[in-house]
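Presented below is the structure to which this report refers.
Please treat every number below as a calculation from the coordinates, not as lab data. Note that this is a predicted model, so its numbers are computed, not measured. Backbone-built Cβ (ideal geometry, glycine too); neighbour counts: all protein chains shown.
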Amino acid sequence: MERETSIRMDEINLRTILKDLIWNLPFVMLAILIVLMGIRTYRNIAYEPEYTASTTLAVIAKGNAEGNAYSSLSTANSMAEVFTEIFQSDVVKEKVEEAIGKMPEGVKISSELIPETNLLVLGVTAKDPQSAYRVLQAILGNYKYVSDYLFGNAVLEVIMEPQVPVAPSNAFRTSWFDKRGIVVAVVLMAGLIILCSVLRSTVKTTKAAKRKLEGECLAALPYEEKNRTLKGKIHKTNKAILLNSQIISFGYEESCHQLASCLEYKADKQGKKVILITSVAENEGKSTVCVNLAMALARRNKKVLLVDMDLRKPALYKLIEHEVKRKQGLLPFLKGETALNDAVQYDKAMQICTILNDKGIDDAQEYLNTERFERFLAAARKAFDYVILDSSPVSAGTDTEYLQEYADAALLIVRQDRVKISDLNDAVEMMKEGKSKFLGYVLNGFDKSGFGSQGGYGYGKYGKYGRYSRNAAENN
């Protein structure tokens with residue numbers, strides 16, 4: 001079995017990525033908040049406002065009473081370019097300091113020629129508006145002492161009088177930075193979430209399961225929504241997806257019957273009656289699969305006993321909504337408080353017999369390692385075609401490993417994107433070393449919205465049992 005860590009496109013599932021994005025929305029919002037706080041921190045600490053006082057000047061020929069520009073626009077442009085250099089010369093700066101004193105710190109003088117005209121814009125930028133205005137006025141009053149040496153026949157005429165600036169010229173565009181910061185935060189955080197989702201070493205597709213898990217895939221049960229309406233989600237109307245429910249899809253029902261067909265073929269061929277079903281972790285849908293498998297086998301005219309062997313945390317009674325009376329259940333029988341016949345309940349709607357528990361105990365092995373438990377299994381083998389043991393998860397303790405010594409065969413339930421592949425394979429190795437025969441694993445709750453073809457969940461998908469499954473389904 002392959003254990004490589006490379007990522008294949010057919011091992012990427014869109015639903016798990018979307019689920020991760022939804023579950024991690026608080027982290028996306030946190031990233032946005034951090035970025036917005038960073039922008040405002042920079043604005044308050046590092047941002048220094050600057051004020052620019054400016055005026056527009058025109059290059060005019062001396063003696064031209066009408067104030068027209070030079071007849072040759074190209075000549076005017078050339079002279080205007082020279083004036084831009086004059087304004088930024090050290091000589092002009094010295095004249096300004098003679099007029100107003102020492103040049104304020106951080107003052108910048110700029111001059112820009114307006115293309116295709118003889119106009120230029122003179123600007124002075126300073127840390128406060130008063131300094132910018134004073135320096136500009138000083139330049140306008142002293143530049144001629146320098147320019148007269150260069151152009152005796154040209155002057156500058158002020159077209160727009162300078163004003164004291166009232167707002168920073170480098171205004172911090174908070175809204176502009178906020179919008180781009182939010183986009184960057186969302187893209188980076190979403191990218192990180194998607195990367196972690198893709199790299200997470202769990203089973204996300206059926207092809208990944210077959211490629212990376214030890215053992216044989218007996219069936220792949222599709223993802224089925226328990227409560228499809230908003231009212232159902234709020235009130236949690238359905239506690240589980242069971243075959244006798246009116247809301248299950250055809251694909252899910254057929255997949256359960258496929259599992260029953262495959263198990264029946266394997267169990268009958270190898271003479272297995274007591275089937276242990278477990279999972280690595282909680283909430284993998286193990287108990288739901290047990291109930292549906294029992295009902296699917298019962299519909300094949302098999303006598304089935306479903307036993308809740310998760311003595312630490314029983315859950316079957318909740319799924320099938322059965323009340324466990326005082327002298328019913330496995331524990332009263334193991335304690336010697338009741339007879340076996342009293343411990344068994346028959347469900348007419350499901351057509352199966354059940355032994356349930358509604359109270360957990362800490363030391364389950366104390367009751368399992370008894371003669372009464374062995375007598376119970378011996379009697380169950382004679383009375384039923386199949387005895388399905390819903391065991392506790394492997395990670396919950398050693399109960400499952402202990403039960404393997406009594407069961408004939410074992411199945412492992414694997415929920416999509418729930419448990420690490422290494423932990424799943426460790427569980428498979430443990431189950432293979434036990435006395436019971438490891439038949440394979442069942443993929444549960446698998447959504448097929450991934451890249452590449454994953455195939456359907458119908459018959460004919462799992463090798464040599466496909467034909468048997470189809471024929472069995474047609475005959476029932």
HN-Hα couplings for region 122-134 via Karplus (6.51, -1.76, 1.60; θ = phi - 60°), in whole Hz with x for Gly/Pro, come out as 9, x, 10, 10, 9, 7, 9, x, 5, 5, 4, 5, 4
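Please tell me the relative contact order of region 105-221 in percent, rounded to the nearest whole number, where contacts are Cα pairs under 8 Å and at least six residues apart.
14
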Cα extents of region 160-226 along the principal axes, largest first, in whole Å, come to 88, 28, 16
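Order of 167-178, 276-287 by packing, highest average Cβ count within 10 Å first?
276-287, 167-178
Between residue 37 and residue 144, what length comes free when the chain is fully extended (0.36 nm per residue of separation minus the Cα-Cα distance, one decimal in nm)?
33.5 nm
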Label model pair residue 200, residue 382: point-to-point distance (7 angstrom along the Cα→beta-carbon line) in nm is 5.0
Residues meeting the amide H criterion for residue 437 (H placed from the backbone, H to H distance under 5 Å, 5 or more places apart or on another chain) are 409, 410
Region 296-345 and region 83-105 have their Cα centres apart by a whole-number Å value of 99
At q = 0.10, 0.12, 0.21 Å⁻¹, the log10 of I(q)/I(0) for region 306-395 from a Debye sum over equal Cα scatterers comes to -0.22, -0.33, -1.08
The long-range amide H neighbours of residue 415, using H built 1.01 Å from N in the peptide plane and a cut-off of under 5 Å, are 444
Distance in nm between residue 9 and residue 371 label points, each 7 Å along Cα→Cβ, equals 6.6
Expressed in nanometres to one decimal, the distance between label points 7 Å along Cα→Cβ at residue 160 and residue 187 is 3.6
Sorted on mean Cβ neighbours within 10 Å (highest first), peptides 309-322, 180-193 come out as 309-322, 180-193
With a Förster distance of 56 angstrom and the Cβ-Cβ distance between residue 325 and residue 423, calculated FRET efficiency to the nearest 0.05 equals 0.90
Sorted by chain and number, the residues with a modelled amide H under 5 Å from that of residue 311, at a separation of 5 or more or across chains, are 392
Residue span residue 180 to residue 91: 0.36 nm per residue of separation minus Cα-Cα distance leaves a gain in nm of 27.6 nm
